[in-house]
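Undergrad: Please find one structure pasted underneath; my questions will follow.
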Amino acid sequence: MNHKPSADEKFIIPIGPQHPALKEPGHFEFSVDGEIVTGATVRLGYAHRGIEKATEERSWQQNAYILERICGICSHIHATAYTIGVERLAGVTISPRANTIRTLVAELERVHSHMLWWGVAAHEGGFDTLFMYTWRDRETIMDILENLSGNRVNYSANLLGGVKFDIDQKQVDMIRKGIDFLEERTHYYYQVITTDETFLGRTENIGTMTREQAESLGSVGPTARASGVERDIRVNAPYAAYTDFLIKMITDTAGDLKARFVVRLKELFESYRLIREMLDNLPEGELVVRVPRRIPEGETISRVEAPRGELFYYLASKGGDKPERIKVRTPTLPNWSSVLSVIVGHKLADVPMMLVGIDPCFSCNDRMITLQRKDNSDVWTWAKLRQYGIDYYK
Amino acid sequence: MEDTQKTLDTADELLKPLGIPTNRPEDYRLDASVVPANLLEVAKRIKEAHWGYLSTITGLDHPEPESRESKDRQWRHIQDEAMLDDLESSGAVEILYHFCCGAAVLSLRLLVSYSHATIPTISNLFSSASLYEMELAEMFGVRIQGIPQEHLLLPEDWPKNVYPLRKSFHGLKESGRH
C-alpha cells in the first residue's frame with residue numbers, strides 16, 4: 001500500500017519556453033527530490049536567428065547594423081566590439097573624441113542595462129515596488145540616449161571609423177543632471193538591497209559560487225567578480241577610451257546572489273564617476289575617419305566588457321567587401337554553466353532568482369546546451385510516467 | 001603591454017616541450033598548431049598551469065580550394081603529406097580554442113579534413129567546453145567524441161549532414177529539404 005519512492009525516482013519540473021517566471025524563451029528541466037533541486041538541464045535555441053551566417057553575405061558596413069541587433073539591451077557593445085576589430089584589421093585609428101563618445105555611450109548603456117536587470121531581479125524576488133522604482137528611474141538614461149542618438153535601444157552610435165553623433169554643451173549638462181539624479185537613487189537602492197530583510201532572505205547565502213568554481217567554469221563579468229575573480233576586460237585589456245579613462249574593478253568575496261547585486265550596484269558608481277570624467281575632458285577631433293570598403297586580409301580578436309561580462313568577437317577577412325567569418329561569443333553562454341552547476345542542492349523556489357542572477361540574455365546567446373545530471377537518474381518519458389500512474393492506482 | 005608579453009612567453013614555454021609550433025600574429029596573441037592526437041595533452045598542460053580560461057571555440061570552414069595557387073596558399077603551413085592529400089580531396093574545418101589570460105589570447109589551431117573530422121572532447125578538462133563543442137559539431141559537422149550526439153541549437157527536424165556554417169550551405173531550399 002505504502003509506496004516509498006526509491007532514491008533513483010525523481011520528479012521533473014519543466015519550466016519554459018513560455019513560463020510566468022521567465023520572460024524569455026528558454027526551456028529548463030529541474031529534477032527535484034521534494035523541494036530540493038538535484039539536477040538541471042537547459043535547452044535554448046528558441047531565438048536563434050543565424051546571424052553569424054548572415055554576416056558572411058553582407059558588407060562590412062551593413063554588418064555593423066545587423067550585429068548591433070543581436071541584443072536589444074547591450075546593442076552598443078556588440079557594435080563596439082565589431083567596429084574595434086574591423087578598424088584594427090583596416091589599420092585605422094579613430095580620433096580621441098570619437099573614441100571617448102563611443103566609451104561614454106557604452107557606460108550609459110551599462111547603467112541602463114544594470115538598472116533593467118535589478119528591476120527584473122526584484123520582480124523575480126517578489127519585490128515589485130523595487131521593480132517599478134528602478135524601471136521608472138531607468139527612463140532617465142533612456143531619455144539621455146534618445147536625446148543623443150534619436151533611439152532608445154539601437155542607438156547606432158558606432159560607425160566604422162568613428163561615431164555618428166557629437167555631444168554639445170547642452171547635452172553635456174543634460175547628462176550630468178541625469179547622472180546626479182541616478183547616483184542619488186542608486187545610493188538608496190544600495191541601502192535597500194543590503195538592508196531589506198525580506199529581500200536579503202532571497203539573496204543572502206543563495207547560489208553561492210566559490211572563486212575556484214567561477215575560475216574553472218570560465219564565468220565572466222559581474223557573475224565572476226561577485227566570486228572574487230578579477231575579470232573585467234576594461235581593466236585586463238583596456239580598449240577604446242578605457243586606456244585614458246581608467247576604471248576601478250569592483251569585486252566581492254561572498255559569491256552569493258547578494259554579492260552579484262552589490263557588485264553591479266557598486267559598478268554603477270564607477271560608471272557615474274567615469275561618465276563625469278569623460279564629460280569634463282572630452283577631447284577634440286573628427287567624428288569619423290575613412291575606412292576602406294574592402295578590408296585587408298587578416299584575422300583579429302576583439303574583446304570588450306559588456307554589461308554582463310566578456311564579449312568575444314573573432315573576425316576574419318579575405319580582403320573583400322564582406323567578412324570571411326565573424327564569430328560571436330556572448331557573456332551569457334559561459335555564465336549558464338555557473339548557474340546550472342551551483343543550483344543543485346537549492347530549493348526550487350530559489351530557481352527563478354538564481355537564473356536571473358547572472359542577468360541572462362537569451363537573444364544574445366541563443367544556442368542549446370545540456371548539462372549532465374549529478375547522478376545517473378533515469379529521465380522518464382511522458383508515456384512512462386502515465387503508465388506508472390495507471391499501474392500505481394490500479 | 002609588458003605583462004601581456006610575459007604572459008605570452010609563459011604560454012610559449014609551456015608548449016615548447018611538447019614540440020608545438022607557435023607564432024604571434026598580433027602583439028597580444030599566440031597561435032599554436034595542434035593535431036587531434038596531441039590536443040588533450042596540450043589542453044591538460046594549459047589547465048594544470050592555470051593559464052587563463054577557455055573563452056570560446058571558433059570554427060572556420062575551408063572548402064576545397066579552386067585553384068592550385070589558392071591550394072598552396074591555404075595549406076602552406078601543413079607539413080604532413082598524408083594530411084595534404086586528404087585536404088586536397090575534400091576541404092577542411094579549422095577549429096580554434098581560444099584561451100584568455102588578462103589581455104593575452106592563446107589560440108590552439110586544429111585542422112581536420114571533412115572526411116576525418118573527428119576530435120576528442122576537452123570538456124573533461126574544461127567543463128564549459130561542452131557547449132561550444134556542441135555548437136561546433138552542429139554548425140560545422142565535426143564529430144566530437146565524448147559529448148551527446150544530439151540536436152542542440154538547430155530544430156529537431158533539421159536534415160542530417162547539413163551544416164549551416166559551412167560555406168556550401170546557402171539555405172535549406174537548395175539542399176533539397178522542401
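Undergrad: Specify the residue that is farthest from residue B:105 (Cα to Cα); the eligible residues are those in segment B:1-40 that are in a helix (DSSP H, G or I) and of a type in the set (Lys, Arg).
TA: Here the residue is B:16.
Undergrad: While we're looking at this one, here's another question. Suppose we filter segment B:133-156 for residues that are surrounded by fewer than 17 Cβ atoms within 10 Å (Cβ to Cβ) and not in a loop (DSSP other than H, G, I, E, B); how many remain? It would help to see each step written out before you state the result.
TA: Keep residues of segment B:133-156 that are surrounded by fewer than 17 Cβ atoms within 10 Å (Cβ to Cβ), which gives B:143, B:145-146, B:148-151, B:155-156.
Those left that are additionally not in a loop (DSSP other than H, G, I, E, B): B:143, B:145.
The qualifying residues number 2.
Undergrad: Out of the residues in segment A:303-312 meeting the condition of being more than 10 Å from chain B (Cβ to nearest Cβ) and in a strand (DSSP E or B), tell me which one is surrounded by the most Cβ atoms within 10 Å (Cβ to Cβ).
TA: That would be A:306.
Undergrad: Out of all the residues in segment A:236-249, which are more than 9 Å from every other protein chain (Cβ to nearest Cβ) and free of Cβ contacts under 8 Å to residues at least 40 places away in the same chain?
TA: A:243, A:246, A:247, A:248, A:249
Undergrad: Here's something else I'd like to know. List pairs: first residue in segment B:150-178 and among the basic types (Lys, Arg), second residue at pLDDT 85 or above and not in a loop (DSSP other than H, G, I, E, B) anywhere in the structure, Cβ distance under 9 angstrom, at least six positions apart or on different chains.
TA: Between residues of segment B:150-178 that are among the basic types (Lys, Arg) and residues that are at pLDDT 85 or above and not in a loop (DSSP other than H, G, I, E, B), the close pairs are B:166/B:61; B:166/B:93; B:166/B:114; B:166/B:139; B:166/B:140; B:167/B:61; B:167/B:62.
Undergrad: Here's another thing I want to ask about it. Under 30 Å from residue A:246 (Cβ atoms) and either within 13 Å of another protein chain (Cβ to nearest Cβ) or modelled with pLDDT under 85 (or both) - does that describe any residue in segment A:337-349? Working first, answer last.
TA: Filtering segment A:337-349 down to residues under 30 Å from residue A:246 (Cβ atoms) leaves A:338.
Next, only the ones that are either within 13 Å of another protein chain (Cβ to nearest Cβ) or modelled with pLDDT under 85 (or both) stay: A:338.
So far as segment A:337-349 goes, yes, one or more of its residues are under 30 Å from residue A:246 (Cβ atoms) and either within 13 Å of another protein chain (Cβ to nearest Cβ) or modelled with pLDDT under 85 (or both).
The rows are residues; the columns are (1) hydrophobic (A, V, I, L, M, F, W, C); (2) crowded, with 21+ Cβ neighbours inside 10 Å; (3) within 17 Å of residue A:108 (Cα to Cα); (4) under 21 Å from the mean Cα position of the chain (by Cα).
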position	(1), (2), (3), (4)
A:165	yes, no, yes, no
A:173	no, no, yes, no
A:214	yes, yes, no, yes
A:218	no, yes, no, yes
A:228	no, no, no, yes
A:243	no, no, no, no
A:249	yes, no, no, yes
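Undergrad: While we're here: In segment B:101-122, how many residues are closer than 30 Å to residue A:233 by Cα and in a loop (DSSP other than H, G, I, E, B)?
TA: Number satisfying all stated conditions: 4.
Undergrad: Something else about it: Does residue B:88 count as modelled with pLDDT of 65 or more, assigned to a helix (DSSP H, G or I), more than 14 Å from chain A (Cβ to nearest Cβ) and surrounded by 11 or more Cβ atoms within 10 Å (Cβ to Cβ)? Lay out the reasoning, then the answer.
TA: On the way: modelled with pLDDT of 65 or more: yes; assigned to a helix (DSSP H, G or I): yes; more than 14 Å from chain A (Cβ to nearest Cβ): yes; surrounded by 11 or more Cβ atoms within 10 Å (Cβ to Cβ): yes.
Yes: the conditions hold for residue B:88.
Undergrad: Please verify whether segment A:18-27 includes one or more residues that are within 25 Å of the chain's Cα centre (by Cα), buried (at least 22 other Cβ atoms within 10 Å of the Cβ) and in contact (Cβ under 8 Å) with a residue 24 or more places away in the chain.
TA: There is at least one residue in segment A:18-27 that is within 25 Å of the chain's Cα centre (by Cα), buried (at least 22 other Cβ atoms within 10 Å of the Cβ) and in contact (Cβ under 8 Å) with a residue 24 or more places away in the chain.
Undergrad: Can you report the number of residues in segment B:120-132 which are surrounded by fewer than 23 Cβ atoms within 10 Å (Cβ to Cβ) and either more than 22 Å from residue A:328 (Cα to Cα) or more than 8 Å from chain A (Cβ to nearest Cβ) (or both)?
TA: Counting residues in segment B:120-132 that are surrounded by fewer than 23 Cβ atoms within 10 Å (Cβ to Cβ) and either more than 22 Å from residue A:328 (Cα to Cα) or more than 8 Å from chain A (Cβ to nearest Cβ) (or both) gives 5.
Undergrad: Restricting attention to segment A:363-386, does a residue exist that is over 16 Å from residue A:31 (Cα atoms), modelled with pLDDT under 95 and among the aromatic types (Phe, Trp, Tyr)?
TA: The answer is no, given that none of the residues of segment A:363-386 is over 16 Å from residue A:31 (Cα atoms), modelled with pLDDT under 95 and among the aromatic types (Phe, Trp, Tyr).
Undergrad: Would you mention how many residues in segment A:252-280 are crowded, with 21+ Cβ neighbours inside 10 Å and either without any contact (Cβ under 8 Å) to a residue 40 or more places away in the chain or of a type in the set (Gly, Ala, Ser) (or both)?
TA: So the count comes out to 3.
Undergrad: Still on this structure: Looking at segment B:16-30 only, could you name the residues that are of a type outside the set (Phe, Trp, Tyr), touching a helix residue (DSSP H, G or I) at 6+ places or on another chain (Cβ under 6 Å) and within 14 Å of chain A (Cβ to nearest Cβ)?
TA: Residue satisfying the conditions is B:30 alone.
Undergrad: How many of the residues making up segment A:53-65 are under 21 Å from the mean Cα position of the chain (by Cα) and within 11 Å of another protein chain (Cβ to nearest Cβ)?
TA: The number of residues fulfilling the criteria is 0.
Undergrad: Another question, then. Scan segment A:313-325 residue by residue and report those that are assigned to a loop (DSSP other than H, G, I, E, B) and buried (at least 21 other Cβ atoms within 10 Å of the Cβ).
TA: A:323
Undergrad: Quick check on this structure: which one of A:85, A:91, A:50 is on the phi > 0 side of the Ramachandran plot, in contact (Cβ under 8 Å) with a residue 40 or more places away in the chain and within 14 Å of chain B (Cβ to nearest Cβ)?
TA: A:91
The values are calculated or read from the model by the stated rules, or taken from the named source; none is laboratory data. The shown structure was predicted, so the numbers you read here are calculated from the model rather than taken from an experiment. Backbone-built Cβ (ideal geometry, glycine too); neighbour counts: all protein chains shown.
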